[in-house]
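The values are calculated or read from the model by the stated rules, or taken from the named source; none is laboratory data. Just so it is clear, the model here is predicted, and its values are computed rather than measured. Reconstructed Cβ throughout: ideal geometry from the backbone, glycine too, with neighbour counts over all protein chains shown. Calculation scope for accessible area: heavy atoms of the full protein, side chains included, ligands and nucleic acids excluded. Shrake-Rupley method; radii C 1.70, N 1.55, O 1.52, S 1.80 Å.
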Amino acid sequence: VSTQSTGVVTTLKMTEPPLKKIKLSPEAKEQKKIRKAVIPIAGFGTRMFPASKAVPKALFPVVDIDGMCKPVIQIIIDEALSALGEDAEICIVVQPGQEDPIKEFFSESDEVYHKKPELKEQIERLKYIGKRIKFAYQEKQEGFGHAVLCAKDFVGDEPFLVLLGDHVYTTDHPQEFTCTKQIVEVYNKHGISVTSLGICQEDSLSVNGIATGKLDENDKTLYHLTKTEEKPSVDFAKEHLKAEGVPEGSYLCYFGIDLVTPRLFSILEDNYKNNRRTKATRCNGNSYERGGNVWSQSSRK
């Protein structure tokens, strides 16, 4: 996995090979279809000030792989729909008032755009996405985990995707096998919560969530996570977070796509009730079982 910072958003790239076809676990056979995604965007974009004062962070323009210039939030929603199907439901977690420019964007376009036939497909696409999205509100900024918790009523009792609102994802695989679709495939096969992992160096520990675990015996693209830590010190990481197959001085870090079951909400609620605040859904101690779709042999070099 590689990362690129454009100054606007972070671009994450998956380089692992297609996942092996394996026998479904008993959990996978009984699981519900994934049809919902949550995208938290409730931050102010202070690292992008003063541009973020003029344009909301979620609407910053990026040239997509099809050559069209689109806002970040549209690219992320397309990523989710590509994995879950065009009839999926999308929940965007916002602060009150942040939803207005997004609603306006995903609505009917001005007449001037209709005069250009080459824009018809994009005009219809925006209106279609507008019908798929709902909003949840984070009244106070209390961390990423809290933002996800605000989507509890939207999610209900179903498994759901979580994608970061300021990341876009690319892959070396064919366009139809997106990063998010790879995560969904792991969940469909194993029936347990899945997170995506990359590699970071020691000098990046202070800005990453770090994980460790055991390689799966049957599929070496998977780790069974045993411990997570948000922004650990170098000394802590050396003692507790080394992972099999990872080069010395490197660690497994979170890639930015999660697929979790609603059990996560009870853990988050317990954390906040007992003032155990976390900045991420993922760093909740070791009480939340998850597997991880990580990286290939070639990425370990």
Could you list, ordered by first residue, the pairs with Cβ atoms under 7 Å in which the first is in region 56-67 and touching a residue at least 12 places away in the same chain (Cβ under 8 Å) and the second is small (Gly, Ala, Ser), at least 6 apart or interchain? LYS57/GLY43; LYS57/GLY45; ALA58/GLY165
Mind checking which residues of region 51-72 are within 19 Å of LEU163 (Cβ to Cβ) and open to solvent by less than 60 Å² (accessible area, probe 1.4 Å)? PRO56, LYS57, ALA58, LEU59, PHE60, VAL62, ASP64, LYS70, PRO71, VAL72
Looking at this structure, is GLU99 open to solvent by less than 80 Å² (accessible area, probe 1.4 Å) and within 30 Å of ILE192 (Cα to Cα)? no
For the condition touching a His at 6+ places or on another chain (Cβ under 8 Å) and either β-branched (Val, Ile, Thr) or free of Cβ contacts under 8 Å to residues at least 60 places away in the same chain (or both), what is the one hit in THR228, THR212, THR261, THR180? THR212
Where in region 34-125 are there strands (runs of 3 or more DSSP E), lying wholly inside it, with at least 2 residues that are acidic (Asp, Glu)? none
Going residue by residue through region 255-274, is there one that turns out to be assigned to a loop (DSSP other than H, G, I, E, B), at pLDDT below 85 and not hydroxyl-bearing (Ser, Thr, Tyr)? yes
Answer yes or no: is there a residue in region 135-147 that is open to solvent by 80 Å² or more (accessible area, probe 1.4 Å) and either in a helix (DSSP H, G or I) or at pLDDT 95 or above (or both). yes
Picked from region 164-209 (must be open to solvent by 30 Å² or more (accessible area, probe 1.4 Å), of a type outside the set (D, E, K, R) and assigned to a helix (DSSP H, G or I)), the residue nearest to PRO56 (Cα to Cα) is VAL207
When only residues in region 210-226 that are open to solvent by 60 Å² or more (accessible area, probe 1.4 Å) and charged (D, E, K, R) count, which is modelled with the lowest pLDDT? LYS220
Sole miss for THR171 among (1) modelled with pLDDT of 85 or more; (2) out of contact with any Gly (no Cβ under 8 Å at 6 or more places or on another chain) is condition (1)
Might you check whether a residue that is under 25 Å from SER82 (Cβ atoms) and charged (D, E, K, R) occurs anywhere in region 178-188? yes
Might you let me know whether region 148-163 holds any residue that is surrounded by 21 or more Cβ atoms within 10 Å (Cβ to Cβ), modelled with pLDDT under 90 and not in a loop (DSSP other than H, G, I, E, B)? no
